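Undergrad: So that we are looking at the same thing, I have put the structure below in structure tokens.
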Amino acid sequence: MTVSRRNFLKLMGLAAGTLAVGRVQAHTGGSDTAEGGFGMLTDISLCIGCRSCEQACHDINAMPEPDEPFTDPGVFKKYRRMTEKTYTVVNKFNSVYKEGLPVYTKIQCMHCQDPACVSACLVGALQKTKEGPVLWDSWKCMGCRYCMIACPFEVPAYEYHKGIEPRVMKCTMCYPLVKQGGIPACASVCPVEAIKFGPKKELLGYARERIKQHPDRYINHIYGEHEVGGTDWIYIAPQDFATMGFLSLSPEAPPRLTEAIQHGVFKYFIPPVLLFGVLGLTMFLTKNNGGEQNDSHHTSLGDGGGPHVKGAVKK
Amino acid sequence: MSTHGHARPISKKLLTPGFYAMAVLSIIGITIALYRFAFGMGTVTNLDNNYPWGLWIGVDVASGVALAAGGFTTAFLAHILHRHKYETIVRPALLTAMLGYTFVGLGVFTDLGKYYNIWHLMLPSMWQFNSALFEVGMCVMMYLTVLYIEFLPLVTERFIGRVDLPGILATINKPVDACLRIAQRTLDKLIFVFVILGVVLSCAHQSSLGTLLTIAPYKVHPLWWSPFLPLMFLLSAIAVGYPMVIFESMWAHKSFGLKNDMQTLSALARIIPFTIGLYLAVKIGDLIYRGAYIHIFDNSKQSNMFLVEIVFGVITPFLMFAFARVRKDARLLFTAAALYVLCGVLLNRVNVFVVSYQPQFTGYSYVPHPLEVLLTIGYIALLMLLYRVIVTIFPVITHHE
């Protein structure tokens, strides 16, 4: 696994940069709604790698046929990622503490509280719902794929081989089911209850309690509690997350920096209007500049001089 | 006492072998685009879930925007600071910007998965002010409109008193002429608004283009990822305006068999050491401030590309432009301008958007598909073709007798 690298310095840079750009404003959106929203918890110590969740996800979302059947344990030979054909995958890693035994991790969209994809999308095709799931709207999407650039977890996949109506593909936390009071398909089929669905707050409390009660079974880290500003899908695990393909991410949500820059540059449109004013004033004050070399001609636009402003402002 | 001549249409033969070669390349490019519109991005590109942006964003869009900076920088010099000796370069730069941005639009359109939804940008209900891409899209759209308006005076100049429509349309010659005269008078009074607006819009989106990748701190190589990317994009765009004008003017004059106006170009070149110098200072300051300079000699693909960019693309032209001898020598001046345009800015944009981008779950790199490259070449050929046609019809290029 060559997952994590060169991150320390970059994080240093990120932190420094944030300071430099200025105080990041408290944002609206994401975390306001996360308070009462739902979340998911994956307990990696319980997962047995049966891939029922993959199958259930495939069925409920009417996904295309997978390349390998869901019963094929051969898929564990290599590390897999989500694709346009699957919203979630289970990977196998070696246990750090129990020699020769595996650990399994299910990955999918993390449903960030302050999602970079939502901040990036120029037409608002990605939205954080008040229930928690981050959803993609086919009607609005232009297909620019900036959401894929922005996602720190590298989750969204794209239907590159469709000329018409290609889709951004990612987990919806079974929003249609959740909205009707149901629970996501993966959570409902998991035979060992490694995937839990519920109010995010309760899940966090439960996760903390588990870690406290079984310090021998869990490391003291709830993945997603703080990463990129917090995610609504969280994990507890028996070993360090970096050993299982999870990225080490800072608690700062990526949109905090970009939005601070954007809103700084365009605050109430003052900077652009100011620039317009300064340029206009400069134009007015310098209008007699170099006039002596031009007096013989340049009295109209049609002089070969270009769109001649001087003649316009004078008179 | 004209130190500068008059802009008038190029009278050289249009349909040369070079013209046909460009036409063939354009047709190949357009064919690939049509195929892609029908069967999807994946059929002609090497883009995938790990590398969502490639050559088209790096060259057609990001570099296209940067290299069209001659438009607003010369407008600033000649029309806002009123340095009239630079009038002769305004029109070619304006045309380059107008065509450049048209092709940026075409590039974006080609790269959009749902290209038929591009009009969504005009729906206020979908505007998403947190997105840097929204800002880029809006400004490019508005600036393109401004550029077309700025070009209108050339149309009125060319056709007022000379409207001669064929056949039955000849009956409306007079009304068309009257319309042109009204347009000319209106533009005469209002064009200054568009000139200033052009500069403001340019500053806004040149910098926002740099904001785009700051949202991906975990994927962009530390040699380029910086919270100051927007500033560096703006400064490098301002700095590339005049070198691009020199590069393009000398190239065009050579291919039309015209004499270069070395006096104006040398004078223009005197400004360049200051603009490139400022960009270089910020770039170096940023590397030191973030501690990213430790990666410079990593001997990785990224570090080597960075070295090429900064040594040949920024430091070398900076030093060259600083010498009067270089600025007065046509060959050296062209070399310095070409170095900054191609290695300093075009390569920088490709580096930021393509080379620096390293998703963390992959072991391979993105290499553009041959058809991707052919499409980009085709679009550039089409741009040059249109440039050639427009300078034949309209008074863009100044002839120095």
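The values are calculated or read from the model by the stated rules, or taken from the named source; none is laboratory data. Bear in mind the structure is a predicted one, so any value in this text is a computation, not a measurement. Note that we place each Cβ from the backbone using ideal geometry, even for glycine, and neighbour counts take in every protein chain shown. With ligands, DNA and RNA removed, areas are computed over all heavy atoms of the protein, side chains included. Shrake-Rupley method; radii C 1.70, N 1.55, O 1.52, S 1.80 Å.
Undergrad: Among the residues of region A:88-103, write down those that are open to solvent by 30 Å² or more (accessible area, probe 1.4 Å) and either in contact (Cβ under 8 Å) with a residue 24 or more places away in the chain or part of a strand (DSSP E or B) (or both).
TA: Within region A:88-103, A:92, A:94, A:96, A:97, A:102 meet the criteria.
Undergrad: Restricting the search to region B:290-314, which residues are in a helix (DSSP H, G or I) and surrounded by fewer than 17 Cβ atoms within 10 Å (Cβ to Cβ)?
TA: Passing the criteria: B:293, B:294, B:301, B:303, B:304, B:307, B:308, B:311, B:312.
Undergrad: Are any of the residues in region B:333-353 within 14 Å of chain A (Cβ to nearest Cβ), modelled with pLDDT of 95 or more, buried (at least 19 other Cβ atoms within 10 Å of the Cβ) and closer than 25 Å to residue B:64 by Cα? Give the derivation first.
TA: From region B:333-353, those within 14 Å of chain A (Cβ to nearest Cβ) are B:352-353; that's our starting set.
Among the residues that remain, those that are also modelled with pLDDT of 95 or more are: B:352-353.
Subsequent filtering for residues that are buried (at least 19 other Cβ atoms within 10 Å of the Cβ) retains B:352-353.
In the following step, the residues that additionally are closer than 25 Å to residue B:64 by Cα were identified as B:352-353.
Yes, region B:333-353 contains a residue that is within 14 Å of chain A (Cβ to nearest Cβ), modelled with pLDDT of 95 or more, buried (at least 19 other Cβ atoms within 10 Å of the Cβ) and closer than 25 Å to residue B:64 by Cα.
Undergrad: Further question on the same structure: Could you look through region B:109-141, keep only residues that are more than 8 Å from every other protein chain (Cβ to nearest Cβ) and in contact with a Gly (Cβ under 9 Å, 6 or more places away or on another chain), and pick out the one that is nearest to residue B:60 (Cα to Cα)?
TA: B:140
Undergrad: Ok, one more. So which of B:135, B:157 ends up being in contact with an Asp or Glu (Cβ under 9 Å, 6 or more places away or on another chain), of a type outside the set (Gly, Ala, Ser) and either assigned to a helix (DSSP H, G or I) or touching a residue at least 12 places away in the same chain (Cβ under 8 Å) (or both)?
TA: On inspection, the qualifying residue turns out to be B:157.
Undergrad: Scan region B:71-85 for residues that are more than 8 Å from every other protein chain (Cβ to nearest Cβ) and more than 17 Å from residue B:202 (Cβ to Cβ) and report the count.
TA: 0
Undergrad: Of the numbered conditions (1) outside any helix (DSSP H, G or I); (2) touching a residue at least 40 places away in the same chain (Cβ under 8 Å), residue A:65 fails exactly one; give the number of that condition.
TA: For residue A:65, the failing item is (2).
Undergrad: Can I ask one more? With the requirement that a residue be surrounded by fewer than 19 Cβ atoms within 10 Å (Cβ to Cβ) and either without any contact (Cβ under 8 Å) to a residue 40 or more places away in the chain or not in a loop (DSSP other than H, G, I, E, B) (or both), what does region A:229-242 give you?
TA: The answer is A:242, and nothing else.
Undergrad: Would you check which residues across region B:334-376 are outside any loop (DSSP other than H, G, I, E, B) and without any contact (Cβ under 8 Å) to a residue 60 or more places away in the chain and list them?
TA: Filtering region B:334-376 down to residues outside any loop (DSSP other than H, G, I, E, B) leaves B:334-355, B:357, B:370-376.
Listed by number, the residues that qualify are B:335, B:339, B:342, B:343, B:347, B:370.
Undergrad: Of the conditions (1) part of a loop (DSSP other than H, G, I, E, B); (2) open to solvent by 50 Å² or more (accessible area, probe 1.4 Å); (3) at negative phi; (4) of a type outside the set (S, T, N, Q), residue A:201 clears all except one; give me its number.
TA: It fails just one condition, (1).
Undergrad: In region A:106-124, is there at least one residue being among the hydroxyl-bearing types (Ser, Thr, Tyr) and surrounded by fewer than 22 Cβ atoms within 10 Å (Cβ to Cβ)?
TA: Checked region A:106-124: no residue is among the hydroxyl-bearing types (Ser, Thr, Tyr) and surrounded by fewer than 22 Cβ atoms within 10 Å (Cβ to Cβ).
Undergrad: Does any residue in region B:83-100 that is within 21 Å of residue A:283 (Cβ to Cβ) come within less than 6 Å, Cβ to Cβ, of a residue that is among the acidic types (Asp, Glu) six or more places away or on a different chain, and which pairs are these?
TA: Taking only residues 6 or more apart or on different chains, the pairs are B:94/B:150.
Undergrad: Kindly indicate whether any position in region A:136-156 is of a type in the set (D, E, K, R), over 23 Å from residue A:85 (Cβ atoms) and either open to solvent by 10 Å² or more (accessible area, probe 1.4 Å) or facing chain B (nearest Cβ under 9 Å) (or both).
TA: The answer is yes; a qualifying residue exists.
Undergrad: Please go through region A:129-150 and give me each residue that is in contact with a Pro (Cβ under 6 Å, 6 or more places away or on another chain) and among the charged types (D, E, K, R), ordered by number.
TA: Of everything in region A:129-150, just one residue is in contact with a Pro (Cβ under 6 Å, 6 or more places away or on another chain) and among the charged types (D, E, K, R), namely A:145.
Undergrad: Here are the criteria: (1) touching a Lys or Arg at 6+ places or on another chain (Cβ under 9 Å); (2) outside any helix (DSSP H, G or I); (3) without any contact (Cβ under 8 Å) to a residue 60 or more places away in the chain; (4) more than 14 Å from chain A (Cβ to nearest Cβ). Tell me which single one residue B:235 does not satisfy.
TA: For residue B:235, the exception is condition (2).
Undergrad: Which one of B:220, B:195, B:163, B:176 is more than 7 Å from chain A (Cβ to nearest Cβ) and open to solvent by less than 10 Å² (accessible area, probe 1.4 Å)?
TA: Going through B:220, B:195, B:163, B:176 in turn, just one is more than 7 Å from chain A (Cβ to nearest Cβ) and open to solvent by less than 10 Å² (accessible area, probe 1.4 Å): B:220.
Undergrad: Picking from B:227, B:243, which residue would you name as being outside any helix (DSSP H, G or I) and crowded, with 21+ Cβ neighbours inside 10 Å?
TA: B:227
Undergrad: For region A:104-154, what are the residues that are closer than 28 Å to residue A:93 by Cβ and more than 11 Å from the chain's Cα centre (by Cα)?
TA: Hits for region A:104-154 are A:104, A:105, A:106, A:107, A:108, A:132, A:133.
Undergrad: The conditions are (1) hydrophobic (A, V, I, L, M, F, W, C); (2) at pLDDT 95 or above; (3) in contact with a Phe, Trp or Tyr (Cβ under 9 Å, 6 or more places away or on another chain), and residue B:28 fails exactly one of them. Which is it?
TA: (3)
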